[in-house]
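Single-structure report; data block below.
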Amino acid sequence: MVKLIGLVGTNSEQSTNRQLLQFMAQHFAEQAEIEVVEIKEIPIFNKPLEREIPAIVQTIADKIEAADGVIISTPEYDHAVTASLMNALSWLSYGIYPFVDKPVMITGASYGTLGSSRAQMHLRQILDSPELKARIMPSSEFLLSHSLQAFDQENQLKDKEQVEQLDGLFYDFLQFVEIMKHLNHAHAANKKLAENFSWEEI
């Protein structure tokens, strides 16, 4: 069975993005094993000279390395991803490179009408950076707007059309993951490029 990591893109205790990933893990249980992973215990990135990685970051990196793909669900603050998600991605590209060539699906939930659309665009730019270089599923956005009203008491999405859209996007992501397995011949070279990249030498 396909194994995926669902990365909660916030350190908030009460998050509809966490709810969305938990729903996906249950809803798609027969198609994939989705492990919901938290970032809220990751310390603030301080760029240690020794490149010593906190144990929690290494654990998350190992999970991502072992997974077939990653789903990141992000809220939107000030037209951008959360500071905690930026922090996590900074650690996850500092001397370790688990995202290189890793298939990624982006989702997002927000209290407003736009459903984290600008944060998702921001995240795409971040994941394409030289030290991350993830393979982001193209032309796909799952934007869960008015997310406080989106779930029932059993954490099920109420809107059948939203469920149908998510079903289709998830099926596409599974196909994307499979295709990426056949487009990975340069993975070692890509990882070496990420390891050797330095902003100071540009």
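What the table shows:
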read-out: Cβ pairs under 7 Å, 6+ apart, first in segment 30-48 and farther than 21 Å from F170 by Cβ, second among the polar types (S, T, N, Q); value: I39/N11; I39/S84; K40/N11; K40/S84; I42/N87; I44/N87; F45/N87; F45/S90
read-out: Output for segment 13-32, where each listed residue is touching a helix residue (DSSP H, G or I) at 6+ places or on another chain (Cβ under 8 Å) and open to solvent by 20 Å² or more (accessible area, probe 1.4 Å); value: Q19, H27, Q31
read-out: Sole exception among (1) of a type in the set (K, R); (2) within 30 Å of G168 (Cβ to Cβ); (3) modelled with pLDDT under 95 for K63, by number; value: (3)
read-out: Any hit, segment 114-127, residues being outside any loop (DSSP other than H, G, I, E, B), in contact with a His (Cβ under 9 Å, 6 or more places away or on another chain) and crowded, with 23+ Cβ neighbours inside 10 Å; value: yes
read-out: Residues within segment 116-135 that are out of contact with any strand residue (DSSP E or B) (no Cβ under 6 Å at 6 or more places or on another chain) and on the phi > 0 side of the Ramachandran plot, tallied; value: 1
read-out: Residues of segment 37-52 classified as in a loop (DSSP other than H, G, I, E, B), hydrophobic (A, V, I, L, M, F, W, C) and within 23 Å of the chain's Cα centre (by Cα), total; value: 4
read-out: Whichever residue in segment 169-196 is touching a Pro at 6+ places or on another chain (Cβ under 8 Å) and aliphatic (A, V, I, L, M) and, among such residues, is most open to solvent (accessible area, probe 1.4 Å); value: L193
read-out: Residues being touching a residue at least 40 places away in the same chain (Cβ under 8 Å) and farther than 30 Å from T113 by Cα - total across segment 61-79; value: 5
read-out: Every pair of residues 6+ apart whose Cβ atoms lie under 8 Å, when the first sits in segment 172-188 and is over 15 Å from L4 (Cβ atoms) while the second is among the β-branched types (V, I, T) and crowded, with 18+ Cβ neighbours inside 10 Å; value: H187/V100
read-out: Residue in segment 88-108 that is within 13 Å of the chain's Cα centre (by Cα) and assigned to a helix (DSSP H, G or I) present; value: yes
read-out: The one condition in (1) charged (D, E, K, R); (2) assigned to a loop (DSSP other than H, G, I, E, B); (3) over 14 Å from the mean Cα position of the chain (by Cα); (4) within 23 Å of A67 (Cα to Cα) that K191 fails to fulfil; value: (2)
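Yes/no matrix, rows are residues, columns are (1) open to solvent by 30 Å² or more (accessible area, probe 1.4 Å); (2) among the charged types (D, E, K, R); (3) within 19 Å of F142 (Cβ to Cβ):
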| position | (1), (2), (3) |
| --- | --- |
| V57 | no, no, no |
| G69 | no, no, yes |
| E76 | yes, yes, yes |
| S84 | no, no, no |
| A88 | no, no, no |
| L92 | no, no, no |
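The values are calculated or read from the model by the stated rules, or taken from the named source; none is laboratory data. All figures in this text were calculated on a predicted structure; none of them were measured in a lab. Every residue, glycine as well, gets a Cβ built from its backbone with ideal geometry; the counts of neighbours run over all protein chains shown. Just so you know, the surface numbers come from the protein's heavy atoms only, side chains and all, with ligands and any DNA or RNA stripped out. Shrake-Rupley method; radii C 1.70, N 1.55, O 1.52, S 1.80 Å.
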